[in-house]
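Working notes, beginning with the structure itself.
Since every read-out is calculated from the coordinates, none of them should be taken as a lab result. Note that the structure is a prediction, hence the values are computed from the model and not measured. As a convention, Cβ positions derive from the backbone with ideal geometry for all residues, glycine included, and neighbour counts pool all protein chains shown.
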Amino acid sequence: MGNKYKKTNAMRALERAGIIYEVQPYTYDPVQLEVRHIAADNNLPLEQIYKTLVLKGDKTGPLVALVNGGEDLSLKKVAQASNNKKVTLLPIKALQTTTGYIRGGCSPIGMKKILPTYLDQQAAHLPYLYVNAGVRGLLLRLSPNDLQRVVPFTYAILA
């Protein structure tokens, strides 16, 4: 489990839970943080990289949606899954105070507080997926079951 990367909150949370994970470094363009570019530029499987999107529900407040990097999030479907009438993306300026992470480096693991989290059901059949490690330039590779052990989530149709 020892790796040569500076430990992030996400890595520490996985290690506390005894979860084995792999660190996957990637190069990125600070202007083009889209997952499609990251996958293409680093020869990674787009359908296995899950972007962490933080939203705000009109009833629930902040929540997290994890969606395949090649898909567009449906705000309507997230609202349905989370029992909100309406959800909007959390403003970038509120991201770090809410989660402890910055745009492009937001991990669903190790946030300041555990937020209601929804994982697109496409991930249910995957042996593993990649999520952000908590900093730009690093992904974590782990199984959806292991992710569930540190971030209680609900599968839902989100894209």
*Please report how far the C-alpha centroid of the stretch 62-103 lies from that of the stretch 106-159, rounded to the nearest whole angstrom.*
13 Å
*May I have the convex hull volume per residue, in Å³, for the Cα set of the chain?*
102 Å³
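Hey, what number do you get for the chain at 222 nm if only DSSP H runs of n ≥ 4 count, each worth -39500 (n - 2.57), divided across all residues, to the nearest 500?
Computed ellipticity for the chain at 222 nm equals -6000 deg cm²/dmol.
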*Report relative contact order for the stretch 54-121 in percent, whole number only (criteria: Cα-Cα under 8 Å, sequence separation at least 6).*
39 percent
*Give the long-range amide H neighbours of Ala159: residues separated by 5 or more places, or on another chain, with amide H under 5 Å away, using H modelled in the peptide plane at 1.01 Å from N.*
Ser74
_Order of Lys77, Lys59 under a 10 Å beta carbon neighbour criterion, fewest first_ = Lys59, Lys77
_If you build the convex hull over the alpha carbons only and average its shadow over all orientations, what do you get for the stretch 98-159? Give it in nm² to one decimal._
4.2 nm²
*Toward the positive end of the charge dipole of the chain, about the Cα centre and with charges on Cβ (Lys, Arg +1; Asp, Glu -1), which of Pro108, Gly134, Leu95 goes farthest?*
Leu95
*Once amide H atoms are built 1.01 Å from N in the peptide plane, which residues 5 or more positions from Leu90, or in another chain, come under 5 Å H to H?*
Val54, Leu55, Lys56
_Can you tell me what share of the DSSP beta bridges in the chain is antiparallel? A percent to the nearest 5 is fine._
70 percent
*Given 0.36 nm per residue, what is the gain on full extension from Glu47 to Asn145 after removing their alpha carbon distance, in nm?*
33.5 nm
*Cβ charges +1 (Lys, Arg) and -1 (Asp, Glu), total dipole of the stretch 21-156, debye*: 680 debye
